[in-house]
Amino acid sequence: MTDTSTSKTEATEAWITGIGLATSLGEGLEANWDGLTERRVNVDDKGFAPYLVHPLAPVSFDAQIPKKGDQRQMEAWQRIGTYAAGLALDSAGIKGNKDILARMDMIVAAGGGERDLAVDSAILNAEAQGNSAPGFLNERLMSDLRPTLFLAQLSNLLAGNIAIVHGVTGSSRTFMGEEAAGVDAARIALARIASGQSDIALVGAAHNGERKDLLVLYEFGDFNLKDKFAPVWARGKESGFALGSGGAFLVIESRKHAEARGAKPYARLTQVVADRVSRKSAGDVTTSLSKLWSQLDGVEGQGAIITGATGAEPATSEERAFLKAHPEFAVRATGTSFGHTMETQFPLGLALAALSISKGKLFPPNDSAGVEIEMTKAPSQIVVVGAGHWRGEGMALVEAVR
């Protein structure tokens, strides 16, 4: 990843005109806003014990994915993403508008597919019990994995399902790379709109945190939060992230395109900058975030920061050192309320920033460590920060439309 940026001096403004959220706090903007203002946290400490997970709140997938056949062939993260994408299209007022959808760009951040735990367990048990004849593995893979299940492992299937269900059939791009993929999805969307290459784009990601295979994967790196929940900034030596399920999609379009169709903006996406330092030395994350901050044009002396800080170390402590250099900014960590949603974390931050600006207030702090402070004035600028749990840094500036 390079530290490329899109500058606010470019002629074409990019407006956020649609937001779709399906998270552990609920579906839709008001449900999520109510959850934030009430400082709710939906966390499951028993289903995957000793690990903590923020499960998806109940949703009726039929509302955005009407065909049961479409739902059946999707994995959970694809259903979540396709659902959130539909909410974003509804929010922007373009659901079913074939003319716009046919030329709408789609930029998705996605992880890998989900494992079939029953098949995996049967194969491993047979191996352990000495019941695996030559060719056993190939035979089981051929008989137990349907072609549709195999295809569902492909990361670009989320974009494919959105195209099938919602008719978004312009250009399509899918980025992989955990948190950094979410940063680059927004960065490329903004760059295309700012340069005039695109008029309108659907941008976002989805994540299913209720997966035993993911918990095993991250346990190998000692990243999981265990036993007891605490806000992101209060985890200290008991560091780690609690995986979260959720989807966040945005409709981003040029001001000219939005005004021509009479669309009202939530906010303006002004800049997205990205970096990836080696993290070989202590303080590398702090240095990277400080450099990205210096690349943002026109950040005012007081404002707000919405961060996807994970709770994993040492990245979270190094991000906190960066935040201490800006004590006048009201900080909000999305990981406390939503869990860590990997690729979705940065689009989620953008969505909450745009929603806060449109409502003229920042949601209250949910922190016992004193990092997050109250903000009484209406935010005109919000900086969205993303520092991956082990790689990738990003930052965006979201502003009120003038």
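Do you know which residues across segment 372-402 are assigned to a loop (DSSP other than H, G, I, E, B) and of a type in the set (Val, Ile, Thr)?
373, 376, 401
Being out of contact with any Pro (no Cβ under 8 Å at 6 or more places or on another chain), buried (at least 22 other Cβ atoms within 10 Å of the Cβ) and polar (S, T, N, Q) is the filter here; which residues of segment 13-68 pass it?
Once the filter is applied, which keeps residues that are out of contact with any Pro (no Cβ under 8 Å at 6 or more places or on another chain), buried (at least 22 other Cβ atoms within 10 Å of the Cβ) and polar (S, T, N, Q), segment 13-68 yields 23, 32, 64.
Kindly evaluate residue 341 against the criterion of being under 20 Å from residue 185 (Cβ atoms), out of contact with any Lys or Arg (no Cβ under 6 Å at 6 or more places or on another chain) and of a type in the set (S, T, N, Q).
It is true that residue 341 is under 20 Å from residue 185 (Cβ atoms), out of contact with any Lys or Arg (no Cβ under 6 Å at 6 or more places or on another chain) and of a type in the set (S, T, N, Q).
Residues 320, 276: which one is in contact with a Gly (Cβ under 7 Å, 6 or more places away or on another chain) and not hydroxyl-bearing (Ser, Thr, Tyr)?
276
Residue by residue, here is whether (1) small (Gly, Ala, Ser); (2) under 28 Å from residue 367 (Cβ atoms) holds:
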{"position": "223", "(1), (2)": "no, yes"}
{"position": "230", "(1), (2)": "yes, yes"}
{"position": "236", "(1), (2)": "yes, yes"}
{"position": "239", "(1), (2)": "yes, yes"}
{"position": "244", "(1), (2)": "yes, yes"}
{"position": "251", "(1), (2)": "no, no"}
{"position": "260", "(1), (2)": "yes, no"}
{"position": "274", "(1), (2)": "yes, yes"}
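Looking at 118, 152, 109, which is the one that is at pLDDT 75 or above, in contact with a Gly (Cβ under 8 Å, 6 or more places away or on another chain) and within 30 Å of residue 246 (Cβ to Cβ)?
The match here is 109.
Cβ-Cβ under 8 Å, sequence separation 6+ or interchain: first residue in segment 267-283 and more than 19 Å from residue 191 (Cα to Cα), partner buried (at least 19 other Cβ atoms within 10 Å of the Cβ) and among the polar types (S, T, N, Q). Which pairs?
Filtered contacts from segment 267-283: 277/288.
What are the pairs, 6+ residues apart or on separate chains, where a residue within segment 178-200 that is in contact (Cβ under 8 Å) with a residue 60 or more places away in the chain has its Cβ under 6 Å from a residue that is of a type in the set (Asp, Glu) and assigned to a helix (DSSP H, G or I)?
181/343; 182/343
Among the residues of segment 364-371, is there at least one that is in contact (Cβ under 8 Å) with a residue 40 or more places away in the chain, polar (S, T, N, Q) and either under 26 Å from residue 91 (Cα atoms) or buried (at least 24 other Cβ atoms within 10 Å of the Cβ) (or both)?
no
Only one of 317, 356, 294, 380 is farther than 23 Å from residue 185 by Cα and free of Cβ contacts under 8 Å to residues at least 60 places away in the same chain. Can you tell me which?
On inspection, the qualifying residue turns out to be 317.
Considering segment 121-134 alone, what residues qualify as being modelled with pLDDT under 75 and either within 20 Å of residue 212 (Cα to Cα) or touching a helix residue (DSSP H, G or I) at 6+ places or on another chain (Cβ under 6 Å) (or both)?
Result: 132, single match.
Would you point out the residue of segment 69-119, among those that are assigned to a helix (DSSP H, G or I) and touching a Ser or Thr at 6+ places or on another chain (Cβ under 6 Å), that is surrounded by the fewest Cβ atoms within 10 Å (Cβ to Cβ)?
Filtering first and then ranking leaves 102.
Where in segment 163-281 are there helices (runs of 4 or more DSSP H), lying fully within it, with 2 or more residues that are surrounded by fewer than 20 Cβ atoms within 10 Å (Cβ to Cβ)?
212-220, 255-260
The values are calculated or read from the model by the stated rules, or taken from the named source; none is laboratory data. Since this is a predicted model, take the numbers as computed values, not measurements. Here Cβ is always computed from backbone atoms with ideal geometry, including for glycine, and neighbour counts include all displayed protein chains.
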